[in-house]
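Below is one structure, written out as structure tokens; the observations come after it.
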Amino acid sequence: MDSDTDSRYRKHIGTRYWNSDTRSEDRRPHGQPHTGVGSGFMKPDFAKSRRLLKMADPFRSTLVVSQNCELGRICSSVCYCHHKSLCCRPSYPSVKPLRCGADGKFASAFRRPREQCLQLRQYVTTPQRFYLTPPQVNSILKANEYSFKVPEFDGKNISSILGFDSNQLPANAPIEDRRSAATCLQTRGMLLGVFDGHAGCACAQAVSERLFYYIAVSLLPQETLLEIEHAVESGRALLPILQWHKHPNDYFSKEASKLYFNSLRTYWQELIDLNTGETTDVKEALINSFKRLDNDLSLEAQVGDPNSFLNYWVLRVAFSGATACVAHVDGVDLHVANTGDSRALLGVQEEDGSWSAVTMSHDHNAQNESEIQRLRSEHPKEDKSVVKQDRLLGLLMPFRAFGDVKFKWSIDLQKRVVESGPDQLNDNEYTKFIPPNYHSPPYLSAEPEVIYHRLRPKDKFLILATDGLWETMHRQDVVRIVGEYLTGVHHQQPIAVGGYKVTLGQMQGLLTERRARISSAFEDQNAATHLIRHAVGNNEFGTVDHERLSKMLSLPEELARMYRDDITIIVVQFNSHVIGAYQNQQQ
């Protein structure tokens with residue numbers, strides 16, 4: 001390892017976890033990773049981090065123990081296991097505290113020679129192996145899983161959706177991703193979405209709570225809007241708009257509910273005033289809802305609130321950011337609205353039983369040439385500075401997002417809001433920082449790109465996921481894994497070793513692993529959990545390696561973010577019989 005690599009490696013993981021005895025070993029999952037990794041403001045370059053970190057086994061190179069029981073303390077927050085069994089034995093003789101001297105003082109905390117004191121400060125370079133058991137791995141993977149099955153009527157399922165599975169695996173503490181799912185009660189259809197926050201979780205939290213209400217209100221007919229407004233004015237109970245499908249961890253902010261309701265009411269009052277008498281188009285409703293919510297987030301931060309907590313909260317929401325990928329399914333009509341770099345993917349089963357992937361969203365980042373051209377056309381005098389090092393103004397990975405008012409407000413407005421805001425905001429260096437070459441804001445928009453698809457019987461499922469998944473797995477592998485899980489049919493392809501030198505014994509091991517993978521696939525009762533298991537535990541041959549999975553899930557918080565991002569997945573399973581019936585009726 002050359003000195004330059006050595007210094008960069010230390011910069012990424014810190015000297016505390018540096019071990020000179022590292023081995024060069026590629027542990028990254030097989031498949032083409034998404035090159036636009038990360039979506040946050042000034043996030044680390046994960047592609048570079050992983051190129052450096054893949055030289056070493058995560059635990060063998062980084063989790064070095066400097067003192068007795070240190071590994072137990074480091075891992076206790078993520079392992080949820082018996083940390084005492086993970087503690088290392090003392091490498092020095094046991095010592096006893098000194099008794100109090102004649103002067104009533106302790107001369108030293110411990111009685112040991114100076115050599116032993118120096119020995120305590122030296123790092124242990126012997127590789128240490130600590131694994132989670134399969135039940136412990138399952139406990140971590142299944143902690144946030146959620147499943148919903150659409151209810152049947154008279155023994156029949158009349159919806160084009162059979163149900164959905166969702167799950168989250170955090171890398172940040174707290175997790176910055178959010179998810180939402182709800183059935184529209186006053187109109188038809190179901191809404192599902194994933195939200196990837198950056199610079200904190202505040203914006204993603206607010207958007208996950210509020211966006212579906214804006215979409216549902218946009219789709220309501222004029223008579224229903226008037227009925228809701230009259231009910232508010234007279235103090236009567238409101239018609240329910242959404243039926244939420246939530247995991248217990250997917251909380252709603254009670255403190256901000258009144259503020260959120262007032263902003264939503266202002267929106268539907270404007271819809272009433274602007275009534276054109278025409279039926280609302282779903283694509284238009286999605287675009288208007290995204291833009292209006294982002295505008296409300298900005299306005300609420302500028303106006304402030306007399307309540308000190310809410311005043312600080314709306315500012316946190318506005319100065320952080322979030323991408324969003326939302327699907328609206330109504331019969332055979334599928335609309336996907338995407339802002340940022342989360343993705344939607346349709347799983348299609350061909351006549352021969354194989355699986356293919358249909359892209360239902362486009363990333364809004366530097367890997368999308370049309371996005372670069374859009375920004376340059378909007379800021380023609382800043383051709384060389386608007387996108388630098390594949391980031392907006394050299395800082396932000398996604399080119400579209402909610403919040404992030406540092407890329408939308410004028411400099412004067414930013415300074416005025418920060419100076420008049422609470423002390424926590426005024427003391428925050430990030431909020432006071434002005435991006436370089438900031439000449440013609442706004443540079444960022446929350447306007448989504450909407451893609452429509454008419455469902456066919458061979459369209460079996462839809463996957464919505466934040467970029468934490470796409471950084472580690474290729475879309476074709478994602479669709480194949482989910483398809484095989486849902487159908488229980490595993491199409492065996494010839495084992496590809498990708499240039500690796502494999503002995504006959506190793507090949508036998510791979511075949512044994514393949515058989516074990518088929519039998520263990522049904523351990524997971526949730527398709528999203530099954531996909532996360534592969535995303536985190538796949539080895540270079542595309543099979544789940546329990547040893548690798550155990551190590552990745554055992555990484556302490558300060559290291560986990562260097563290996564992966566938060567992962568949030570929703571897998572929506574379609575009802576082919578109902579979709580086929582829709583198709584036959586219209587023919």
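Observations
- Carbon plus sulfur fraction of accessible area for segment 403-485, probe 1.4 Å, in percent: 48
- Spatial separation of Cα centroids for segment 286-325 and segment 381-449, in angstrom: 15
- In order along segment 241-251, the phi-based Karplus estimate (6.51 cos²θ - 1.76 cosθ + 1.60, θ = phi - 60°) of 3J(HN,Hα) comes to 9, 10, 10, 7, 10, 10, 6, x, 7, 8, 8 Hz; Gly and Pro are listed as x.
- Look at the Cα gyration tensor of segment 296-447: its axes a ≥ b ≥ c give a/c of at least 1.5 with a/b at or below b/c, and that counts as oblate.
- Accessible area of segment 204-356 belonging to carbon and sulfur atoms, whole % at 1.4 Å probe: 49
- Cβ crowding within 10 Å averaged over residues, with 569-577, 303-311 ranked highest first: 569-577, 303-311
- Accessible surface, per residue, of segment 149-212 when the full set of protein chains is kept, probe 1.4 Å, Å²: 32
- Approximate spin-label separation SER377-SER257, in nm, with each point projected 7 Å along Cα-to-Cβ: 4.5
- Taking amide H atoms as placed 1.01 Å from N in the peptide plane, the amide H of SER361 lies under 5 Å from those of ALA344, each 5 or more residues away in sequence or on another chain.
- Accessible surface area normalised per residue over segment 330-415 is 37 Å², counting heavy atoms of protein chains with a 1.4 Å rolling probe.
- Relative contact order %, segment 127-257, counting alpha carbon pairs below 8 Å whose residues are six or more apart: 23
- Annotation for segment 254-282 versus segment 184-208: alpha-carbon center distance of 17 Å.
- Cβ crowding within 10 Å averaged over residues, with 445-458, 204-217, 229-242 ranked highest first: 204-217, 445-458, 229-242
- Tensor-based shape of segment 231-327 (alpha-carbon gyration tensor, a/c under 1.5 rounded, otherwise prolate or oblate): rounded
- Cβ-based net charge around LEU413, under 13 Å, with every Lys or Arg adding one and every Asp or Glu removing one: +2
- In sequence order, segment 256-267 has phi-based couplings of 9, 4, 5, 4, 4, 5, 4, 5, 5, 5, 4, 5 Hz under the Karplus curve 6.51 cos²θ - 1.76 cosθ + 1.60, θ = phi - 60°, and Gly or Pro positions carry x.
The values are calculated or read from the model by the stated rules, or taken from the named source; none is laboratory data. Keep in mind that this is a model prediction, so the values were computed, not measured. Glycine gets a Cβ as well: all are built from the backbone with ideal geometry, and neighbour counts include every protein chain shown. What goes into the accessible areas is simple: the full protein's heavy atoms, side chains included, and nothing from ligands, DNA or RNA. Shrake-Rupley method; radii C 1.70, N 1.55, O 1.52, S 1.80 Å.
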